[in-house]
Every structure is written in C-alpha cells, then in structure tokens.
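The values are calculated or read from the model by the stated rules, or taken from the named source; none is laboratory data. Just so we're clear, the structure is a prediction, and the values are computed from it rather than from any experiment. No Cβ is skipped: glycine too gets one built from the backbone with ideal geometry, and neighbour counts run over all protein chains shown.
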Amino acid sequence: MRFPRFFTKKRGHRRTDSQAWGSFAEGLFYALLVGAGVVFGLLLVTGAVTYAPADPDSVVLQRGYEWWMWLLTLLMPVALLAFGGSGLVRVVRTWGKSQERRAAASGAVILEGLAGPSAGAAGRPAIPSCDNLENSPGIVLRYRLPLESPENWSLVGFGLFALLWNAVVVVLAVGVGADLIGGTTDWLLIGLLVPFVVVGVGGVALFVRSVVLSTSVGPTHVEISDHPLVPGRRYDVRLGQGGAHLFRSIELGLELEETATFRQGTDTRTQRIVVRRVPVSGWQRVQPVPGGIFEARVPLTIPADAMHSFSSENNAVQWRIVVRAQPDRWPEFIRIFPVVVLPVTAAEVGAVPESVEAMG
Amino acid sequence: MNAADSHGAAHGPAGSAPPFPRMELRFGHPGRRYEPGEWVTAEYIIDGLNGERPRALERSALWYTEGKGEEDLGVYFFERFSTPETIDRVVPEGTFALQLPPSPLSYEGVIVKIRWCIRLRIFFDTGRDHVSEHVFTVGRVPPSILP
C-alpha cells in the first residue's frame, strides 16, 4: 500500500508523485484559511458583547470602537478570506486539468479536436519587447540606447540607508540632549548613541562617495544604427564618454547573459551569469577634450550563430552592449546597454545584407 | 525515438491498476531537427490499452525551460479530444501536423536551457492519466560554455 504524499520535491525538471493529491492538499490549505477567516471574523464581531469582571451581573452590550478600529480589527479575517478564497477558486478551476491544458487556456481558446497555435504566435513568442529601447532617437545614429546601470540602484540604496539611519540617530540625540538640559545623565542612552553616530557618519560617507564616483567620470552614451538586431548583420555603434579625466582604458563589447530566478526555501533568488563575450573595440590612454566628450564610431557584427534574446517568467537570455572604463584616479566602472537580438533561420542569414548603414 | 513516459494520478494499491499504455511517436524528420516556421509532422501509436477505453486524449507542442530557474512553459499547439466520436479518430493511432513559430529556438545554456517537445496525454475513466514526451530541436544554436 503506497500512501499519497501531499508535499513533493522537484527532481530534475519533473515533480514526483500524484498531481491530484497535490491539488487536493493545496485546496485543503486554502479551505482552512477560509475557515480560519470566518471563525476569526465571527469571534471579533460577536466579541462586542463582554462583561466586567468586577461586576459579573452587568453586561456591556456595545464596545466603543471607532470606524478605523473596526477596519483594523477586520483586516486580518478579511485578508484570510480573500487569500484563501482566491486560492480555492484557482484550485477548483484547474482541478483535473493537465499542465498543458492550463497553460494553453491562459492564451488560447480550446476547441474540441481543433488544432491551433496559442495567442501571440503570429509575433515572436518569448522575445522581450523593444519598446523601451527604441523610444529615444540618437544624435548621429538612429537610436540612443538606454542605460541599465546597477550603480544607480546602489546610489539610491546608500541614500535611503543614510537617511533612515540618521533619522534614528537624531531621535536618540534629541533624547540625550533633553536629559542633559534637565540635569540628568543617562549613560546607557549615551553609550547606545555613540555606535549609532559612527554608523550614520559611515552611511553618509558611502553615499557621498557614490555620488562623487557616479558624477565625476561623466556620462556614457551609446547609439546604434538599427534595432532590434539580427544575427549575422553588421551595425554601426557610436560611443560617447564624458569626463575631464584621463582614462587608462575604455573597452566596448557585446555580452550574452543568462538569468535564472529560483526559490530557495522561502526566499526568491536570481542568478546571473555571462556566457559569451564578444570584444568590439578598445582604446588606451583616452583624454576627452576639455568640456567635450570622447567619441568613437565602430562596426558591430552580431555572431551568425547567436542565440536570440529570450524572456519568460523565471528565465531570460539577454544581449547587452557593455562599456568598461578605467579612469586614471578612480575605480573601474561598467555601463550596460541592453539590446534585443531576434532569431533567424539559416535561409535568412544568407538573404540579409551584410551591413546596415547608419542613418544620420 | 527519444521519449519519456510518466504517469499522473494512479489510484488503489500497487498492482491493482492495469499497466500503463506505451505511446510511440515518429517525427517526419528522422533527426528531429527543425527550422523555425517549418512544418512538423508526427505519427503515433498507442499500445497496451487492453480494451480500456480512454476518457480523453490531449496532443500538444510546447517549449519549456530547464536549468537553475523555476520551470517556465509555453504551449504553442493544443488539441483535446474528449467525445467518443473524436476519440475514435485519434486512438489508438493518429497523425498531426503543426507549423512552428519563429521563436523560441532550442537552447543549451549554462543555467538556462530551452527545449521543445510534443506531449501525448491520455486520460482514463478511473481518473488516472499517462503522458508521453517526445523532444525535438528547433534551430541550430550551438551550446553555450563559460568564457
């Protein structure tokens, strides 16, 4: 006799055990949530009738709750009902349906015995949209590519941390100051304040350093003669690098990055890995014109055997143009410009012109 | 023939249910390699039904991801036969054809892999089901290796 297992483990690319028992357990979980919401809500509502322990003969028939207090009190049962109810509806709707049928139903009408591709097949399924990459015209070439820089997010993170931490420091400092003015000295509070001030000053220093780093080296611009890109074709790329410093080196390249999002326990993690690097051009000891920028225009050929850009809910394959620069007295920085590469058949590779001319 | 069979819901003590059928599928191209936009033709035979009448049959063509991330799946072609008249047309053997979309192409990456396959899923009145998966390749993208 083999007992069913409600909790299954992912082995390779397939889950083990019965899908029906898994759905049953999922439905049971959501039903329990709904039940808990109902019971919790009823207890809260009927709990308006209470009695005073000091005077057991008298009963309080109405509790003096304000409207916002009722809102707060009912928040938990309503959340349980909403979460459990929506989960239960989803389980009932997908009960007994295969994985393929559920996926197809989300994008296509299923007709009895009638073959047909899912919605979106007329376009290019699973290829990311180019809208955000093509909405800015370039000065010389057709498109100016948007910058995707992790440095900007670090800057925002450092700024928020410094702001919030120092707000706590100010509250503590006001408390210490009030004590001192009142003639008392709370050594415990003062001892607590010292490390808080140290961390706060460190946070501000990190933020200021990040601001200086991101503004001192100057902006980077990349323009391209056409988009989206097709394997085997050649494009023109224009690089513009601002800044008043000497750059020991500037490198322009094309990279293919894989991104996988997975759940580890209760955490959701994302891993990124560069699986292909195509050097395009490089420059040594670059000194931008004072008040101007360093400019270069180079050809970029997409490898004929390149994988196309791909994006789904948890996985992605992305191409990007990468600029790596090493300023003379500053740390190296990397600036990333995502691009979209389309799939191409063997026949199309032979048919396309070798070069796409720049549009000025 | 590259196929993977697995079973869905199976009820009752081991050995009491009849054995699962064997589903064989043959692609029009012997190498199972197709270009995007090309037509895929497939013939299949279901053996070992032992007189048991299927409740429904599903034929689908889909891509799914493998690797480190959670599995994503996109169904491109789906057919379900669940009335006696239509089941008699497609069981125990049948053929079907579909034109592939331009994307995604099959891909053998480091942490992301994309596979195309045809799945045949048969449902029985007892509630159990059986699925057979037949992988094929779309495009000619070489595998990725770490630089």
Would you confirm whether any residue within the stretch B:97-105 is out of contact with any strand residue (DSSP E or B) (no Cβ under 7 Å at 6 or more places or on another chain), more than 7 Å from chain A (Cβ to nearest Cβ) and part of a loop (DSSP other than H, G, I, E, B)? no
Answer yes or no as to whether A:Ala260 is surrounded by 14 or more Cβ atoms within 10 Å (Cβ to Cβ), among the small types (Gly, Ala, Ser), under 17 Å from the mean Cα position of the chain (by Cα) and within 12 Å of chain B (Cβ to nearest Cβ). yes
Can you say whether B:Glu108 is more than 18 Å from the chain's Cα centre (by Cα), surrounded by fewer than 22 Cβ atoms within 10 Å (Cβ to Cβ) and either at the interface with chain A (Cβ under 7 Å from one of its Cβ atoms) or under 24 Å from A:Ala306 (Cα atoms) (or both), as far as the supplied structure shows? yes
Looking at the stretch A:289-299, is at least one residue surrounded by 14 or more Cβ atoms within 10 Å (Cβ to Cβ), within 17 Å of the chain's Cα centre (by Cα) and not basic (Lys, Arg)? no
Can we say A:Gly84 is away from chain B (no Cβ under 14 Å) and either under 30 Å from B:Ser82 (Cα atoms) or at pLDDT 90 or above (or both)? yes
For the stretch B:21-71, give me every one of the strands (runs of 3 or more DSSP E) that falls completely inside it and has 1 or more residues that are in contact (Cβ under 8 Å) with a residue 12 or more places away in the chain and away from chain A (no Cβ under 14 Å). B:22-27, B:39-47
Pick from the stretch B:83-96 the residues that are facing chain A (nearest Cβ under 7 Å) and polar (S, T, N, Q): which of them is nearest to the chain's Cα centre (by Cα)? B:Thr86
Exactly one of these conditions fails for A:Leu239: (1) more than 28 Å from A:Asp131 (Cβ to Cβ); (2) surrounded by 13 or more Cβ atoms within 10 Å (Cβ to Cβ). Give me its number. (1)
Residue within the stretch B:109-124 that is of a type in the set (A, V, I, L, M, F, W, C) and part of a loop (DSSP other than H, G, I, E, B) present: yes
Neighbours by Cβ (under 8 Å, 6+ apart or cross-chain): first from the stretch A:24-36, over 20 Å from A:Leu75 (Cα atoms); second not in a helix (DSSP H, G or I): A:Phe24/A:Phe6; A:Ala25/A:Phe6; A:Ala25/A:Phe7; A:Gly27/A:Trp95
